[in-house]
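First up is the structure itself, then whatever we jot down about it.
Read-outs: derived from the displayed coordinates by stated rules, not from any lab. A quick note: this is a predicted structure, and the numbers were derived from the prediction, not measured. We place every Cβ from the backbone using ideal geometry, glycine too, and count neighbours over all the protein chains shown.
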């Protein structure tokens, strides 16, 4: 009852929603794929299995040049914080060609990459490390899909983005990529545990 009265943003009700989302995924995959799915998206010890969606995670977020130019940074950060995410790392930086080539290595051979590189170097970006339960999924839901034209109103990209390039914000899309991207943009001394910030 308490969770219902507090609304869907309470930790209890969010955990329940994430649990049913994971359960739906398992049922869709069937018995054969269920074990592999569980092992790939959660952690296990001898007492219980913890779904990835309710694990405390840290993910990388970039506020892109279009976000800075339109002065939307305050509102975007506010949305993340109101969703229960904590800032554990934050800085502004100009992105070098080498850093961009590494970050966008999966599209570096595409025809649009030179334009993307030029856009990402057109001004500094704000780099955030956000921590919280199910942080990776939560950030991606708040952002909306990559193509802003397909993003729903109420999402960051749906409200402020224009297309797939001018889409305001980047967020890690998996636990593996979050780890790699955090190491790419932050040193260990630049990241703080939530408890140490207080």
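Counting other beta carbons within 10 Å of each residue's own, what order do 146, 155 fall into, fewest first?
Starting with the residue having the fewest Cβ neighbours, the order is 146, 155.
Tell me the label-point distance for the pair residue 153, residue 83, using the 7 Å Cα-to-Cβ offset, in nm and rounded to one decimal.
Distance between label points: 2.0 nm.
Could you list 123, 148, 105 in order of exposure, starting from the residue whose Cβ has the fewest other Cβ atoms within 10 Å?
105, 123, 148
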